[in-house]
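**Q** One structure coming up, written as structure tokens, with questions to follow.
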Amino acid sequence: MTLSRIALLAALLLAAPAAAQVQIAPPATVPSPSAEKAKEKPKAAPHTITKKKKEAAPKPSASPSPTLPATVIPAPPADNSNVDLVFGAYQRGQYKTAFDLASARAKTGDAKAMTMLGELYSNAMGIRRDYAKAVEWYKRASDAGDREAMFALAMLRMSGRGGPVDKGEAVKLMASSAKLGEPKAAYNLALLYLDGQTLPQDVKRSAELLRQAADAGLPEAQYALATFYKEGTGVPKDPDKAVRLLQAASLADNVDAEVEYAIALFNGTGTPQNKPAAVALLRKASRQNSPIAQNRLAWVLINGVGAPADKVEGFKWHLVAKTAGKGDPELDKQLADLPADDRAKAEAAARKWLGTK
């Protein structure tokens, strides 16, 4: 892979957290404020849903954007019933109780309780947000060897919350956390190696870290590693491995992976072709507000490709996707030719979904 392709992939992976950023380009797009902003970002090479003769089938392309986790939810050790009580209160949303219990446990030097206090202060759970105190507790837990506290503190140092930005310390903390088996730390460290700004670019090391996080079950890492195998970034190209990783991430409700896996199922790329399953995934991702999935589902339903034709439902998704900058002039033309009653139904359905009058 050329350096420019690697830089493109890094930029896409390091995009700011947002709902489904996978890009599946229709034949053309209608300019909109959000679409104009999108022009500033590079796009990945398109993936194509295979067409049948005389069928207007979808032509999707995709680009990755795993979400950067900003917080950590500490898991209690199995052999500490006291910390289990703290974590149980946290899980039930009883944050003030969790804070009181964790405060008592922290006085005994319990690292997990310290991490919990950092979490509660960082996210204003049951107590006023105080990044400085979050840093203090994460630091104490980190010094005691808690890998989740190391990762959480690294993220605060990277963002400059609770103190000045210190990327050097952040990288050291992240590396220590990853070495101790924290998948979120391995994932974020992989992105830094891919980006090549905070750390020297090393795509092979990035792939190794992504594999570590993916094997631990982190959906964002599974999705990112799938793009590596698809593109041949730091690993040999392997469509079969890419699809297996996409499947795993989609089962964990990663929306980007759902769209990519739907494309693979539709085309039979790296997996047996299964158009009904592909359409079902597009429906799921559409309901999760992926404009790309909505645009592709519109094509499927309007043209009856892989599912019975349903123009009203299809144009509903077309109109919804259009509001997110995924317009399609060809579908606009078809919408104009739709009988007035059906067009009115599609527009009403789109307004209902969007919550507008």
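**Q** Obtain the nm distance between the two label points defined at Q288 and D100 by a simple spin-label model: each point lies 7 Å from its Cα along the Cα-to-C-beta direction.
**A** About 3.8 nm, to one decimal.
**Q** Set the Förster radius R0 to 35 Å, insert the Cβ-Cβ distance between N123 and L354 as r into 1/(1 + (r/R0)^6), and round the FRET efficiency to 0.05.
**A** After rounding, the FRET efficiency stands at 0.70.
**Q** Shifting gears a bit: So for M116, M150, fewest C-beta neighbours within 10 Å to most, what's the order?
**A** With the fewest neighbours first, M116, M150 line up as M150, M116.
**Q** Order of S286, S206 from fewest to most other C-beta atoms within 10 Å?
**A** Ordered by Cβ neighbours within 10 Å, fewest first: S286, S206.
**Q** Which of R128, R205 comes first, and how do the rest follow, when ranked by fewest Cβ neighbours within 10 Å?
**A** With the sparsest Cβ surroundings first, the list reads R128, R205.
**Q** Work out the FRET efficiency for K333 and A280 from their Cβ-Cβ distance, taking R0 = 45 Å, and round it to the nearest 0.05.
**A** Rounded to the nearest 0.05, the efficiency is 0.95.
**Q** Further, regarding this structure: Report the label-to-label distance for D310 and A252 in nanometres (one decimal), using points 7 Å from each Cα along the Cα→Cβ vector.
**A** Spacing of the two 7 Å Cα→Cβ label points: 3.1 nm.
**Q** Ok, one more. Identify all aspartates and glutamates with a Cα-Cα distance to K333 below 19 Å; exclude those on the same chain that are fewer than 8 residues away in sequence.
**A** Within the straight-line cut-off, K333 pairs with E55, D310, E313, D341, D342, E347.
Bear in mind that the values in this text are calculations on the coordinates, not laboratory data. Predicted model only: the values in this text are computed from it and were never measured. Reconstructed Cβ throughout: ideal geometry from the backbone, glycine too, with neighbour counts over all protein chains shown.
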